[in-house]
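Following: one structure in structure tokens, then a few remarks.
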Amino acid sequence: MGFEDWAAEPINWVFLAVALATTVSGLRVVTSPNVVHAALFLVAALAGTAAIFLLLAAEFLAWVLVLVYIGAVIVLFLFGIMITRAPTGRDEAEVDHGRRLPAVLVSTALFILLLWGLVSQWGDTTLDSVTAGTPTSVLAEGLLGRFVFPFEVVGFVLLAALVGGITIARRDLSPAEEKERESR
Amino acid sequence: MGVSASPHLAAESAAAVATTGGIFSEWAGLMLIGPILAFLVIVLFGKRMRHQGAEVAIGAMAFNLVWSSALLLLNMGDSGVLYERSLEIASVGGGLVFELGWIVDGLSIMMYWVVAAVGLAVFIYAHGYMKGEVRVTFFFAALSLFAGSMLVLVGSPNLVQLIIGWEGVGLASYLLIGHHWELKENSSAAMKAFYTNKVADVGLVIGVIIIGITLGSFHFWDLASAAAEHSAALGPVAVAAGLLLFFGAMGKSAQFPLHIWLPDAMAGPTPVSALMHAATMVTAGIYLMARTFPLYQELATAARPWMIAAGTVTLFGMGLLALVADDIKRVLAYSTVSQLGYMMTAVAAGGYTAGLFHLFTHAFFKALLFLGAGSVIHAVHSNNMSDMGGLRRHMPDTYRTFVMGALALAGVFPLSGFWSKDEILATLGYEGYTVVMWIAVAGAFVTAFYMARAVALTFFGEFRGHGEPHESPPIMTRPLWALAVPAVLAGVVNIPGLKLPWIGNFTSWLSVRSVPMGDHHAEAIDLGLAAAGLAAAVAGLWLGWVAFGPPAADRTDRDRVEVPVLYPLLRQKYYLDHAALGLVWVIRQPAARAVNWVNDYVIDGVVNGVGALCQRLAGLLYGGVDQHGIDGVVHGLSWGTSGMGGMIRRIQSGRVQQYAGLLVAGLLLLAVVVLFVL
Amino acid sequence: MDLLESWALSLIVFLPLVGALVALAIPKEREEAVKQWTLLVSVVTLILAVVVAARFDFGAAAGFQFEVDVPWISAIGANYHIGIDGISLPLLVLSALVVVLCVIYSWQHWDEPRNPRAFLILMMILATGMNGTFVALDLVLFFIFFELVLLPMYFMIGIWGDRTMRKIPGFRKEVETRLYAAIKFFIFTLFGSAFMLLGFLALYFKSGSGGQQSTFDIPELIARGHLFEGTFAWLVFGAMFLGFAVKVPMWPFHTWLPDAHTAAPTVGSVLLAAILLKLGSYAFIRIAIPILPDTARDWAPAIAVLAVIGIIYGSLACLAQTDVKRLIAFSSVGHMGFVMLGIATLTEVGINAAIIGMVAHGLITGLLFFLAGSIHHRYHTREMSRLGGNLKLMPVMGGILGFTAMASLGLPGLAGFWGEFMALLGSYQPLPGLSTSFFRTAMVIGAIGTVLTAGYMLWMLQKVNLGEPSSEWAGKEFQDVDRYEMAAWAPLIVLIVAVGVYPRLVLGATTDAVVGLVETAFRAVGG
Amino acid sequence: MILNQFLILAALLFCMGVYGLLVRRNAVMVLLSVELMLAAVNINLVALDALWQTAEALGQIMAVFIITIAAAEVGIGLAIILLIFRNRRSANVDELNLMRW
């Protein structure tokens, strides 16, 4: 499949746009000095991911991503940012530490390696038959059928995280503080 | 000297009818277990007993005396007892089996009886001697263990059990010599005894291993028959095995130069010395040589000259040391060493009966002498003869019995020592070791000389110590008299050519063996040799009396004949202690320290160095990659110089991101290696 | 009782782990409850082990009994294959016993920072690892259990260990002894087991070369021994050697041992000495030698040399120590040298010697470390120059110390003797094909080592037990051996005597198995 | 559409996430980077699922699991950050060396 053929498919242009947006947002997530901005860029990146899912005809998953991530997780993040008074200014020294070069090197190298691997493994394998979306019922049957046990386990993990989160983050008052609160 | 015309093995033809000994043999193991059991009982419950456990120990010994007397009686006369019983305690593969058991034959019956008889006398004596001492309970426990281990040793039908008893004896001697361990010199003496023996045990153990593997059996009787048949397997290693066993025996039986522990062992309470010198410890080596006699007689003949050499040096050289000692117990100790030299020489020269007979008589008079010395020490509260003198009047019982013992030891006719020493001289002459024989005669002279000196300095002249010495209580003097009887009379049982009715003689007691072995014993007295021996003894006594008897005994500078080179040499005990201490020092100090240094600085140095190197490498890598960070340079420098702690801190920096970075980098590296290199 | 046949071993292995999990649920403050629970669990484990021993068919000790073999990770052909034979039975019982004694001992003896629950949980995990190693018949399973013991011990040393600062030669800064020791122990062992794992994997892959399914199964690998030969086998043996030798430890991989022992809390040292060291030598007997017998023959002289060096070196190093516990730790190097010398002979007698030596060393050195711990507990020092007159201050403890020291120096009639004696016995006549004169030299040097052993033990006794108590202690009241100590030590004392007098207690189980092992390995294949 | 366009996008996002993980000081931002990486993984899963068209949509089910776990992780992570912040008045990772012993 040459570039001509590829460019002939309109859906690919859609992909290109979405991918570009996602990449830029992702880049800003890791470079923005402002935590709030970073979080919002993550929203964008995730939205882009959801769009990609749509392109791949995984509608259910796309909506899950939007609802769970953009709806819930990001809100959680914003809470965290507010409570911990994360830096929201423009001072880059605040958010990154100086050792940026090794990180760049490492991640670039990783990317090159991955790229090499992907190209040599998949070449130009096409994804032609992506037309009909996956019915949600298939996922439902999978989750409650064959994967019901992991499903329950994950549910348990969520519960544990819930309880754990509360336990960890709850402030244990010292006896003195306790008394003070009672007297108030 | 009545030279037997019969060849070596002819002695066996006289062997009487062997019986199994019935119930006494079948349960003879009780004698081995009894004292050990007594040891356990005393350790666990002794403190609560009326006599602090002494009654248990004495009871076990009395039982043994009765039982072994029964066996002895059965063995007398024309019928000998022969019985063996082994219980397997482990099979270890390769056809080898470890067993425990007991053996009943002439040799072991004699030893059972000697241990029981001397042991009982000493135990009873000790009950009086130790009154008011510290740790009496433990003392009797250890005494029981001492006797018990010796019985395990002499009752052993195989070499492995022999080792068990052998080292058990060593352990008990360690406990007893160091009885007053509050003083460092006592505990050091105990250590020295145990340690010297342990050195010798290396020989024993290796010898046993060689025999055991070669024969596929540890049984003495298998060894004896293999030797008698001139076994082709055993032949090539026989000399090595024989010499190694002899090396082990040198430790226990205090042969030159491994005798150094014995005089120091006088640090123990006197009853211990008596037991050790008479019955339970130093005789073990002689017993071992006798038990493995066929090996030396038939196969390891090349080992015999060496053994005779060691024995001869011991019998003469160690006797000389007794001349200059001031401590009465040391005089006796050196005399023991010298007498052991006689026994060893005799056995090595082929005089199986002669050596054992001397062991037999020596057990009585040496126990007697030690107990007498203990009685004296008890009275004057000093070991040194310079604090004694004139005790003849204060301690008549002790005096009389001591003199009997001294005369017996000196070999004066017709006391027991005369007969046994004469038999040794006769054997040496018969076997052709004429030079050795004359050295032994000279040794007899020396023996008589130092005994005369000891008696004169202790019992004659004026009392030089402090206080008013008293005769010991009856509980101590009665054992003296009890021992004096055999010390005087024991010679009767083996007068050459005389075979008593009912009793037979010592030779016939020992003649029942499963395997015939060559052994010479005289059929009649060689008057010339006997006269020479007696003359030497009398001359020694006379000279000793002249030099040290009254009035000379009262002079303070007793050792006025200080032969220039010889005297210091003797006073310093041939400098052997210095040599041994030097060797120990080399092991303890430079060698041990060097090893420790190697451990801490070389091996660990490599380990720590690798650690530091990794850390430095990590520092370099990280610092090199990280060109912007100041941290990198600063820390890189500090990594290079800080210690192990620094290294740990570096790698375990706790910085999650550093971990993650290294993780990813490592992953990358791995991927590259897997993809491109492999 | 088929149920017992199939479940007993699994229970012995996993009961402690379950116990540990349950103990997690007990609140930390309820120390007594935690202690009682762990005691219960460990006693039940011991009873199970004894029941297994009682039902063990000693007539068929050469084969595996109580065997369970079910698929586990089918993708790599790893099975849950466990079973015991005469070789592992004594060690399994020993391991179960020592854990019980450690629980009893630790009832009253807690090192800072206390926290009995955490400590006992670690101990239970350790028990699972140790018991598991002795029953595993699958290399993956073996490896997991072998490594499982590492972690609890690391924490035991690192958390409850000796807090004094120590100067490490070659480094400028002082470090806390426990940290240094724990990390050294960990790194050393991990280093070794990395090689060991490589060896296992190599065996796995090579085992498929005969056209069969690759396998981790130990008996199966033994049967396929002919597949491993030449340089491959040599390298694999070398890799496994590194892994096992570090654990034993053999000279020169031993330096973690004195540090770890000295720094570890008492119970940690006891477990380390009594059981953990045995894992390495056991692995030689169970894995390295039967699977690669011909290579073992090539390696035997090297092992013997290192063993003999270890004997002499350990004894000499002991003489230079000032710390009682460190001295005992170094003595382990020497004693394990005898064990390895026995193994190196590749004969029935030698391997038997190694097993009884392992058991005896477990009993004796375990007891010695208990004593060193109690001495430290009383005097708050282990410097021999400061101690002295212990026998006067605490007669019972002094007596037990004397007894144990005697056992340790190999006094005949006590357990320690047989291992040494039989190791020497074996090396007088090693496996045909090995150099006799070489091994005889080793035997003589080893025998000299026994003398040195006696030397440092007597010296230690003189320093610690004998003499008048120094002014520092004289007149002070010391609690002599208490109930818990007595309860923990009495079984060891009884066993030391029992094994010494009647070695068949151990050898009765092992001899057939060892004979079978040597027969299969060297008579059938090597000729 | 070719498969690789999705996979390469995912790789790109993943590497960005790695970069963020390594350079960010603030713990919250580190968590954001982790989320980015997870999203990248999800893309991979869905893309490969589209390729293989498994009957049970295995890839998508895995993605569901990952999203769930990620949510749990964020919850716990933020809780920890909160706690640390409360104790240390800072949520900067490089000031945390609690994990060191």
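A short reminder: the numbers here are calculations on the coordinates, not readings from a lab. All values derive from a computational prediction rather than experimental measurement. A quick note on method: Cβ atoms are made from the backbone with ideal geometry, for glycine too, and the neighbour counts reach across all protein chains shown.
Descriptive notes on the structure:
- For residues of B:595-606, the mean tally of beta carbons on other chains within 10 Å: 6
- Only helices enter the 222 nm calculation for the protein assembly as shown: every DSSP H run of n ≥ 4 contributes -39,500 (n - 2.57), and dividing by all residues gives -22000 deg cm²/dmol, rounded to 500.
- Antiparallel DSSP beta bridges within the stretch C:2-526, as percent of all bridges there, nearest 5: 90 percent
- Amide proton proximity set for B:Asp327, modelled H, under 5 Å, gap of 5+: B:Met385
- Using the alpha-carbon positions of chain C, Rg (one decimal) and Dmax (whole number) come out as 22.0, 77 Å.
- Pairwise label distance in nanometres, A:Phe3 with D:Arg86, each label 7 Å out on the Cα-Cβ vector: 5.8 nm
- Comparing C:Ile289, C:Phe338, C:Gly433 along the charge dipole axis of the stretch C:2-526, the residue lying farthest to the positive side is C:Phe338, per the Cβ-charge model.
- When only alpha carbons are used to place a centre, the stretch C:468-513 and the stretch C:315-349 end up 19 Å from one another.
- Cα centroid separation, the stretch B:475-492 to the stretch C:238-254: 63 Å.
- Computed from point charges on the beta carbon alone (+1 for Lys and Arg, -1 for Asp and Glu), the dipole magnitude for the protein assembly as shown about its Cα centre is near 3580 Debye.
- On the basis of the beta-carbon distance and an R0 of 51 Å, B:Ile33 and B:Trp502 show a calculated FRET efficiency of 0.95.
- Put in order of Cβ neighbour count within 10 Å, fewest first, the listed residues C:Glu32, C:Glu176 become C:Glu32, C:Glu176.
- Simple spin-label estimate for B:Arg593 and B:Ser386 gives 3.6 nm between the two label positions (7 Å along the Cα-to-Cβ direction from each Cα).
- Amide H to amide H, with H built 1.01 Å from N, C:Glu176 comes under 5 Å of C:Arg166, counting only residues 5 or more places away or on other chains.
- Estimated inter-spin distance, C:Glu472 and B:Val134, nm [label 7 Å along Cα→Cβ]: 2.1 nm
- Distant-in-sequence amide contacts of B:Ile89, defined by a placed amide H-H separation under 5 Å and a gap of 5 or more residues or a different chain, comprise B:Phe98, B:Glu99, B:Leu100.
- FRET efficiency for B:Arg393 and B:Arg478, using Cβ-Cβ distance with R0 set to 22 Å, rounded to 0.05: 0.60
- 3J(HN,Hα) couplings calculated from phi for the stretch B:229-239 with the Karplus curve 6.51 cos²θ - 1.76 cosθ + 1.60 (θ = phi - 60°) are, in sequence order, 8, 6, 3, 5, 5, 6, x, x, 9, 4, 5 Hz; Gly and Pro show x.
- FRET E, pair B:His51, C:Thr322, Förster distance 30 Å, beta-carbon r, rounded to 0.05: 0.10
- Set of lysines with alpha-carbon distance to B:Lys366 below 21 Å, sequence-local pairs under 8 removed: B:Lys252, B:Lys329, B:Lys421
- Burial ranking of peptide ranges B:164-176, B:482-494 (average Cβ count within 10 Å, highest at the top): B:164-176, B:482-494
- Here the Karplus relation 6.51 cos²θ - 1.76 cosθ + 1.60, evaluated at θ = phi - 60°, turns the backbone of the stretch C:306-318 into coupling constants of 4, 4, 5, 4, x, 4, 5, 4, x, 5, 5, 4, 4 Hz, with x for every Gly and Pro.
- Exposure proxy order (Cβ contacts within 10 Å, fewest to most) of B:Glu133, B:Glu55: B:Glu133, B:Glu55
- Here the dipole of chain B is about 1380 debye; that uses its Cα centre as origin and unit charges on the Cβ of Lys and Arg (positive) and Asp and Glu (negative).
- Alpha-carbon spread of the stretch D:3-95, three principal axes, descending order, Å: 51, 23, 10
- When both bridge partners sit in the stretch B:16-177, DSSP labels roughly 75% of those beta bridges antiparallel.
- Residue by residue along B:209-215, Cβ atoms of other protein chains within 10 Å of the local Cβ number 4 on average.
- Cβ-based net charge around C:Ile159, under 12 Å, with every Lys or Arg adding one and every Asp or Glu removing one: -1
- Note on the protein assembly as shown: dipole from Cβ charges, positive end direction compared against D:Ala27, C:Val305, C:Gln212; the farthest Cα belongs to D:Ala27.
- Leading residue at positive end of dipole, the stretch C:38-161 (Cβ point charges), from C:Leu92, C:Ala61, C:His109: C:His109
- Mean per-residue shielding of peptide C:403-411 is 2, counting Cβ atoms of other chains within 10 Å of each Cβ.
- Within the protein assembly as shown, the ratio Rg/Rh, alpha carbon atoms throughout and Rh by Kirkwood, equals 1.10.
- Most to least packed among C:79-87, B:460-468, C:346-354 [average Cβ atoms within 10 Å]: C:346-354, C:79-87, B:460-468
- Cα shape, the stretch C:464-505, gyration tensor, a/c 1.5 rule: oblate
- Here the Karplus relation 6.51 cos²θ - 1.76 cosθ + 1.60, evaluated at θ = phi - 60°, turns the backbone of the stretch C:54-66 into coupling constants of 5, 8, 5, 8, 5, x, 10, 5, 6, x, 7, 10, 6 Hz, with x for every Gly and Pro.
- Cα-based Lys pair tally, the stretch C:2-526, threshold under 15 Å, eight or more apart or on separate chains: 6
- Assuming charge only on the beta carbon of Lys and Arg (+1) and of Asp and Glu (-1), the dipole of chain C about its Cα centre is about 1220 debye to the nearest 20.
- Ranked by the mean number of other Cβ atoms within 10 Å of their residues, highest first, the peptides B:591-599, B:345-353 come out as B:345-353, B:591-599.
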